[in-house]
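Let me begin by handing over the structure; questions about it come next.
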Amino acid sequence: MSVDIILIQVVNKLAQTSPVLTAMAIVCASVLIWALVVWYVIAFVWHKRGGWRELCALALGTFMVFFTNILASVWWFRPRPFVLGITEKLITVDPATKSFPSDHAAVAFFLAYLLSSHNPRWRIPAYLGAVLVAFGRMAVGVHFPSDVLAGAVVGVAFGYLTMEVERLFTSPKVQ
């Protein structure tokens, strides 16, 4: 048995040991991603310097994350763990959808990168939120550890690229 399968089974069974852990896994897997989105929008679109530039960066970066994940899943389609009978799913997910890479993990790490790049004090809570989203996706039985790891890599990569593009547009013009 691979490490991927052992880890997902341990995490999924742990989430099922009590109603409280099940509820926490569901919140981390499904709700926490929206908290990161709201945090970003409030911090940078409404109350900070960015406004439309930040909103456009968020939209473009998120589109690129999803586009990359779609290309990756076409290249390597992997069924979800519950479809293979490895885990028990704790949330409603279409069994025909792909497991690799995790869109939720990718977006969570993308947002964590953006948040921590703009304000280093937010690094720990932002990445903690992203890790909890990724862990939650495993706990509810819909992603393997390698799915969320790949999603994290995609998210951080596009977070970096988004910040570099943003710097190009905000740097002073040389005369």
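The values are calculated or read from the model by the stated rules, or taken from the named source; none is laboratory data. Keep in mind the model is a prediction, meaning the values are calculated, not measured. No Cβ is skipped: glycine too gets one built from the backbone with ideal geometry, and neighbour counts run over all protein chains shown. What goes into the accessible areas is simple: the full protein's heavy atoms, side chains included, and nothing from ligands, DNA or RNA. Shrake-Rupley method; radii C 1.70, N 1.55, O 1.52, S 1.80 Å.
Going through the range 135-148 one residue at a time, which ones are part of a helix (DSSP H, G or I) and open to solvent by less than 10 Å² (accessible area, probe 1.4 Å)?
Within the range 135-148, 136, 139, 147 meet the criteria.
Where in the range 13-123 are there helices (runs of 4 or more DSSP H), lying wholly inside it, with at least 1 residues that are out of contact with any helix residue (DSSP H, G or I) (no Cβ under 8 Å at 6 or more places or on another chain)?
Details: elements: 19-26, 32-40, 52-75, 103-118.
Filter on the range 13-123 gives 19-26, 32-40, 52-75.
Which one of 31, 41, 65, 3 is in contact (Cβ under 8 Å) with a residue 24 or more places away in the chain and closer than 23 Å to residue 126 by Cβ?
None of the others qualify; the one that does is 65.
Return yes when residue 97 is under 30 Å from residue 9 (Cα atoms), open to solvent by 20 Å² or more (accessible area, probe 1.4 Å) and modelled with pLDDT under 95 and no when it is not. Walk me through how you get there before you give the answer.
Values: under 30 Å from residue 9 (Cα atoms): yes; open to solvent by 20 Å² or more (accessible area, probe 1.4 Å): yes; modelled with pLDDT under 95: yes.
Yes; evaluated as a whole, the condition is true for this residue.
Which pairs have Cβ atoms under 6 Å, sit 6 or more apart or on different chains, and link a residue in the range 143-160 that is farther than 21 Å from residue 98 by Cα and among the small types (Gly, Ala, Ser) to one that is at pLDDT 95 or above and assigned to a helix (DSSP H, G or I)?
Pairs found: 159/110; 159/113.
Consider the range 71-89. How many of its residues are open to solvent by less than 40 Å² (accessible area, probe 1.4 Å) and among the hydrophobic types (A, V, I, L, M, F, W, C)? It would help to see each step written out before you state the result.
Going residue by residue through the range 71-89, those that are open to solvent by less than 40 Å² (accessible area, probe 1.4 Å) are 72-73, 78, 80-82, 86-87.
Adding the requirement that they be among the hydrophobic types (A, V, I, L, M, F, W, C) leaves 72, 82, 86.
Going through the range 71-89 one residue at a time, the tally reaches 3.
Regarding the range 107-116, can at least one residue be identified that is at pLDDT 95 or above and either among the hydroxyl-bearing types (Ser, Thr, Tyr) or open to solvent by 50 Å² or more (accessible area, probe 1.4 Å) (or both)?
yes
I'd like to verify a number: residues in the range 149-166 that are among the aliphatic types (A, V, I, L, M) and either in contact with a strand residue (DSSP E or B) (Cβ under 9 Å, 6 or more places away or on another chain) or open to solvent by less than 20 Å² (accessible area, probe 1.4 Å) (or both), how many? Don't jump to the end; show me each part of the working.
Taking the range 149-166 as the starting set, the residues that turn out to be among the aliphatic types (A, V, I, L, M) are 149-150, 152-154, 156-157, 161, 163, 165.
Right, trim to either in contact with a strand residue (DSSP E or B) (Cβ under 9 Å, 6 or more places away or on another chain) or open to solvent by less than 20 Å² (accessible area, probe 1.4 Å) (or both) and you get 152, 163.
The number of residues fulfilling the criteria is 2.
Pairs, please: C-beta under 8 Å, at least 6 apart or cross-chain, first residue under 23 Å from residue 81 (Cβ atoms) and among the charged types (D, E, K, R) and in the range 102-117, second open to solvent by less than 10 Å² (accessible area, probe 1.4 Å) and at pLDDT 95 or above?
Close Cβ pairs satisfying both conditions: 103/151.
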